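*Asks:* Take a look at this one; I'll ask things after.
The values are calculated or read from the model by the stated rules, or taken from the named source; none is laboratory data. Everything numeric here is computed off the predicted structure, so don't read it as measured data. Here Cβ is always computed from backbone atoms with ideal geometry, including for glycine, and neighbour counts include all displayed protein chains. Ligands, DNA and RNA are stripped out before the accessible areas are found, and what is left, the full protein with its side chains, is counted by its heavy atoms. Shrake-Rupley method; radii C 1.70, N 1.55, O 1.52, S 1.80 Å.
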Amino acid sequence: MPQRRSHVAPSAAQSALADALAQLRESLDASEEFSEEVLVEASASSAPIPDLDLREVPFVTLDPVGSKDLDQAFHLERVGTGFTVRYAIADVPGFVFPGGAVDAAARRRGQTLYAADGSIPLHPRILSEDRASLLPDVDRPALVWTLDLDAAGAVTAFRLERALVRSRAQLDYVSVQGSLDRGESGPWDLLPVIGALRTALEEERGGASLNMPDEEVVQHEDGTYSIERRSPLPVEEWNAHLSLMTGMAAAELMIGAKVGVLRTMPRPDDRAFATFRRQTEALGRPWTDGSYGEYLRGLDRDDPLTLPILEAAASLFRGAGYATFDGDVPDETIQAAIGAPYAHATAPLRRLVDRWVLTICLAVSTDAEIPAWARESLDDLPALMQESGQRASRLNADTVNRVEAALLTPLVGQRISASVIELRNGGERAQIQIAEPAVTATAPVPAGTQPGDTVSLTVVRADIARGEVEFSL
């Protein structure tokens with residue numbers, strides 16, 4: 001989708017928005033601050049210096065512009081007809097003492113939260129953005145995955161080791177995509193090659209990636225906010241496949257050892273597929289043959305109806321959770337969107353569960369004993385991650401709702417046009433998409449309205465404090 005930017009002009013509404021976002025943080029008990037005990041422990045903690053020295057490997061990181069919590073660094077190499085992928089992950093298990101103050105704080109938080117006016121970190125920033133982060137031109141302990149791929153991009157062998165690494169550069173998506181588009185060479189040369197191969201393998205497995213347009217609330221230097229939507233760049237999708245491949249390797253290790261925690265999601269049932277087919281027909285882009293993954297991959301990203309289709313497809317990707325096991329592997333191990341067993345293993349600075357996965361995988365890969373703390377606390381993880389996931393979802397949704405109310409405040413009493421994305425309440429109401437300002441909301445619609453139709457509405461009310469908007473026909 002084309003990028004849209006809708007700015008909230010400096011006004012009383014702007015002041016009300018700042019207050020509403022601050023109150024939202026307080027209501028979620030999502031403080032950016034850590035206790036003195038946690039900060040002291042984090043400042044004093046240090047990971048063990050690994051025996052294996054991989055500082056000669058020219059790792060690089062690839063993240064959004066301005067990121068400081070750098071979880072992963074990669075190095076890609078051709079070997080014969082195949083490839084070797086080295087994927088270094090921040091050694092958070094080495095920095096966090098089990099049962100300590102930092103550990104306890106991380107368990108309460110579950111994951112890093114991203115608000116409109118900054119992040120609320122899982123770990124103190126001295127760890128997540130400094131001492132444990134894979135920043136460029138500094139030595140860092142890391143957990144390094146080495147994955148051997150054949151000519152088709154399939155993993156033939158892999159291992160996980162603790163090693164000392166040194167990133168050569170902090171790359172960002174926009175700059176790297178620009179370099180690729182201009183045909184410039186660099187450490188990213190093999191990323192499109194391996195990414196395309198892994199995409200083809202995903203298709204063979206029956207997996208599918210939605211690649212929804214990003215919807216980000218941005219605060220600007222003048223204090224105004226906007227909602228910015230953009231489609232992921234190709235380089236982001238290729239880079240994501242490195243993480244997915246690593247998570248699949250982690251799942252394989254843990255399943256073989258019969259101990260660990262998997263990220264699971266059931267396959268959509270026939271009813272969900274039938275509903276989605278009807279929605280694609282109503283939108284004039286019918287899914288007639290092939291798998292749903294093939295259909296989604298074939299959508300034209302410049303088509304204005306692609307967003308409503310992707311919104312509808314989101315209903316297929318529900319029921320994700322975590323399955324822990326120690327002794328008996330769960331009957332259902334598949335993450336349906338990926339089409340294979342999968343584990344979260346590449347973002348320990350920002351997600352709690354990854355520390356357990358990495359700890360278990362390192363022990364299994366090196367024939368060491370799995371630490372007792374990791375086994376004993378496995379069953380706690382699903383609830384901790386579910387609670388943090390719900391908090392993150394509330395923060396994201398409620399933030400967007402408040403910003404959208406601010407965007408619509410100047411339009412109260414005026415008529416607007418909107419596209420219908422999905423019908424609700426038996427067709428009396430619908431999820432709608434307004435083009436300018438870029439707002440998604442729920443509104444009443446005339447009888448007989450179908451997804452894809454354009455409706456005319458009046459903006460009746462925009463309550464910034466509550467994040468509520470109201471429309472009439």
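*Asks:* Tell me, please, whether a residue that is within 22 Å of His241 (Cα to Cα), open to solvent by less than 20 Å² (accessible area, probe 1.4 Å), modelled with pLDDT under 95 and not β-branched (Val, Ile, Thr) can be found in region 276-294. Before you say what the answer is, go through the steps one by one.
*Replies:* Our first condition is that a residue be within 22 Å of His241 (Cα to Cα); within region 276-294, this holds for 291-294.
Okay, now just the ones that are also open to solvent by less than 20 Å² (accessible area, probe 1.4 Å), so 292-293.
Subset that is modelled with pLDDT under 95: 292-293.
After this cut, where a residue has to be not β-branched (Val, Ile, Thr) as well, the list is 292-293.
Checked region 276-294: at least one residue is within 22 Å of His241 (Cα to Cα), open to solvent by less than 20 Å² (accessible area, probe 1.4 Å), modelled with pLDDT under 95 and not β-branched (Val, Ile, Thr).
*Asks:* Scan region 153-200 residue by residue and report those that are open to solvent by 60 Å² or more (accessible area, probe 1.4 Å), charged (D, E, K, R), assigned to a strand (DSSP E or B) and out of contact with any Ser or Thr (no Cβ under 7 Å at 6 or more places or on another chain).
*Replies:* Arg162, Arg166
*Asks:* Only residues that are of a type in the set (Gly, Ala, Ser) and more than 19 Å from Phe95 (Cα to Cα): list them for region 113-128, please.
*Replies:* Going residue by residue through region 113-128, those that are of a type in the set (Gly, Ala, Ser) are 115-116, 118-119, 128.
Within region 113-128, Ala115, Ala116, Gly118, Ser119 qualify.
*Asks:* Against the conditions (1) in contact (Cβ under 8 Å) with a residue 60 or more places away in the chain; (2) in contact with a Pro (Cβ under 8 Å, 6 or more places away or on another chain); (3) in a loop (DSSP other than H, G, I, E, B); (4) over 21 Å from Ser243 (Cβ atoms), where does Ala312 fall short? Just the number, please.
*Replies:* Condition (3) is where Ala312 drops out.
*Asks:* Answer with yes or no whether Glu237 is within 24 Å of Ala438 (Cβ to Cβ), in contact with a helix residue (DSSP H, G or I) (Cβ under 8 Å, 6 or more places away or on another chain) and acidic (Asp, Glu). Walk me through it before giving the result.
*Replies:* Numbers: within 24 Å of Ala438 (Cβ to Cβ): yes; in contact with a helix residue (DSSP H, G or I) (Cβ under 8 Å, 6 or more places away or on another chain): yes; acidic (Asp, Glu): yes.
Against the criterion (within 24 Å of Ala438 (Cβ to Cβ), in contact with a helix residue (DSSP H, G or I) (Cβ under 8 Å, 6 or more places away or on another chain) and acidic (Asp, Glu)), Glu237 qualifies.
*Asks:* Report yes if some residue within region 276-294 is outside any strand (DSSP E or B), in contact with a Ser or Thr (Cβ under 9 Å, 6 or more places away or on another chain), over 30 Å from Leu62 (Cα atoms) and among the aliphatic types (A, V, I, L, M); otherwise report no.
*Replies:* no
*Asks:* Which numbered condition in (1) among the polar types (S, T, N, Q); (2) closer than 27 Å to Lys68 by Cβ; (3) under 20 Å from the mean Cα position of the chain (by Cα) is the only one that Gln386 fails?
*Replies:* (2)
*Asks:* I'd like to check something: does region 248-261 contain any residue that is under 30 Å from Gly178 (Cα atoms), open to solvent by 10 Å² or more (accessible area, probe 1.4 Å) and modelled with pLDDT under 80? Reasoning before the result, please.
*Replies:* If we filter region 248-261 for residues that are under 30 Å from Gly178 (Cα atoms), which is where we start, we get 248.
Then keep just the ones that are open to solvent by 10 Å² or more (accessible area, probe 1.4 Å); that gives 248.
Next cut, modelled with pLDDT under 80 only: none.
So far as region 248-261 goes, no, none of its residues is under 30 Å from Gly178 (Cα atoms), open to solvent by 10 Å² or more (accessible area, probe 1.4 Å) and modelled with pLDDT under 80.
*Asks:* Can you tell me which residue in region 419-430 is surrounded by the most Cβ atoms within 10 Å (Cβ to Cβ), limited to those that are farther than 18 Å from Asp303 by Cβ and either among the β-branched types (Val, Ile, Thr) or at pLDDT 85 or above (or both)? Step through it out loud before you land on a result.
*Replies:* Initially, region 419-430 is screened for residues farther than 18 Å from Asp303 by Cβ, giving 423-430.
Then drop every residue that is not either among the β-branched types (Val, Ile, Thr) or at pLDDT 85 or above (or both), which leaves 423-424, 428-430.
Values: Leu423: 18, Arg424: 13, Glu428: 12, Arg429: 16, Ala430: 25.
Selected residue: Ala430.
*Asks:* Here is a further query. For region 107-119, check the following and say yes or no: at least one residue is touching a Lys or Arg at 6+ places or on another chain (Cβ under 6 Å) and either closer than 29 Å to Arg394 by Cβ or without any contact (Cβ under 8 Å) to a residue 60 or more places away in the chain (or both).
*Replies:* yes
*Asks:* In region 431-441, what residues are surrounded by fewer than 18 Cβ atoms within 10 Å (Cβ to Cβ) and farther than 17 Å from Leu310 by Cα?
*Replies:* Glu436
The rows are residues; the columns are (1) open to solvent by 50 Å² or more (accessible area, probe 1.4 Å); (2) under 30 Å from Ile464 (Cα atoms); (3) not aliphatic (A, V, I, L, M); (4) not in a loop (DSSP other than H, G, I, E, B).
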| position | (1), (2), (3), (4) |
| --- | --- |
| Leu296 | no, no, no, yes |
| Leu299 | no, no, no, no |
| Glu332 | yes, no, yes, no |
| Pro348 | no, no, yes, no |
| Asp354 | no, no, yes, yes |
| Ile370 | no, no, no, no |
| Arg375 | yes, no, yes, yes |
| Leu384 | no, no, no, yes |
| Arg394 | yes, yes, yes, yes |
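*Asks:* Return the residues of region 356-365 that are open to solvent by 20 Å² or more (accessible area, probe 1.4 Å) and in contact with a strand residue (DSSP E or B) (Cβ under 7 Å, 6 or more places away or on another chain); say none if nothing qualifies. Lay out the reasoning, then the answer.
*Replies:* First, the residues of region 356-365 that are open to solvent by 20 Å² or more (accessible area, probe 1.4 Å): 362, 364-365.
Those that are open to solvent by 20 Å² or more (accessible area, probe 1.4 Å) and in contact with a strand residue (DSSP E or B) (Cβ under 7 Å, 6 or more places away or on another chain): Leu362, Ser365.
*Asks:* Something else about it: Of all residues being more than 30 Å from the chain's Cα centre (by Cα) and acidic (Asp, Glu) in region 424-462, which is nearest to Ala397 (Cα to Cα)? Just the residue, please.
*Replies:* Checked region 424-462; the qualifying residue nearest to Ala397 (Cα to Cα) is Glu428.
*Asks:* Residue check, Leu62 against (1) closer than 20 Å to Ile194 by Cα; (2) free of Cβ contacts under 8 Å to residues at least 12 places away in the same chain, all met but one. Which one?
*Replies:* Of the numbered conditions (1) closer than 20 Å to Ile194 by Cα; (2) free of Cβ contacts under 8 Å to residues at least 12 places away in the same chain, the odd one out for Leu62 is (2).
*Asks:* Let me ask something else. For region 51-99, give me each residue that is modelled with pLDDT of 95 or more, of a type in the set (Val, Ile, Thr) and open to solvent by 60 Å² or more (accessible area, probe 1.4 Å).
*Replies:* Once the filter is applied, which keeps residues that are modelled with pLDDT of 95 or more, of a type in the set (Val, Ile, Thr) and open to solvent by 60 Å² or more (accessible area, probe 1.4 Å), region 51-99 yields Val79, Thr81.
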